[in-house]
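To start, the structure under review is shown below, and the notes come after it.
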Amino acid sequence: MREAIIILAVIAILAGLTLFKYRRQVRMMIEFWRSIRKLQQASRPHGEMPEPPRNEGKLVSCARCRTWVPEERAIRLGKTATYCSTDCLEKSATAV
Ligand SMILES: [Zn+2]
């Protein structure tokens, strides 16, 4: 058990020394990684399934165009199908 602790301590010291030696490179890598993350967040494409916007009542997605609309504004058809507008309801009705 004691050997394990000593080995762990040696590994920790070696890792610390390595980090200290390459601290500039490590910092550069972190900066690089951060800038990549920023770029990814900035140029994130609008997903196919839009996320429901927050701080509104319960939201349902339109069965045709997938737009999220508040439940009270949605047009219901049967038990499961909901539409954002009569336009979408008519389009999906004529499409079938
Ligand atoms: Zn719709």
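The values are calculated or read from the model by the stated rules, or taken from the named source; none is laboratory data. This is a predicted model, so every value here is computed, not measured. FYI the Cβ positions are ideal-geometry reconstructions off the backbone, even for glycines, and counts take in every protein chain you see. We work out accessible area using only protein heavy atoms, side chains counted, and drop any ligands, DNA or RNA first. Shrake-Rupley method; radii C 1.70, N 1.55, O 1.52, S 1.80 Å.
Going by the conditions given, is T86 open to solvent by 70 Å² or more (accessible area, probe 1.4 Å), within 16 Å of the ligand (Cβ to nearest atom) and modelled with pLDDT of 90 or more?
yes
The rows are residues; the columns are (1) within 16 Å of the ligand (Cβ to nearest atom); (2) at pLDDT 90 or above; (3) in a strand (DSSP E or B).
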{"residue": "L39", "(1), (2), (3)": "no, no, no"}
{"residue": "R44", "(1), (2), (3)": "no, no, no"}
{"residue": "R66", "(1), (2), (3)": "yes, yes, no"}
{"residue": "E72", "(1), (2), (3)": "yes, no, no"}
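What residue, among those in segment 60-83 that are small (G, A, S) and touching a Leu at 6+ places or on another chain (Cβ under 9 Å), is surrounded by the most Cβ atoms within 10 Å (Cβ to Cβ)?
A74
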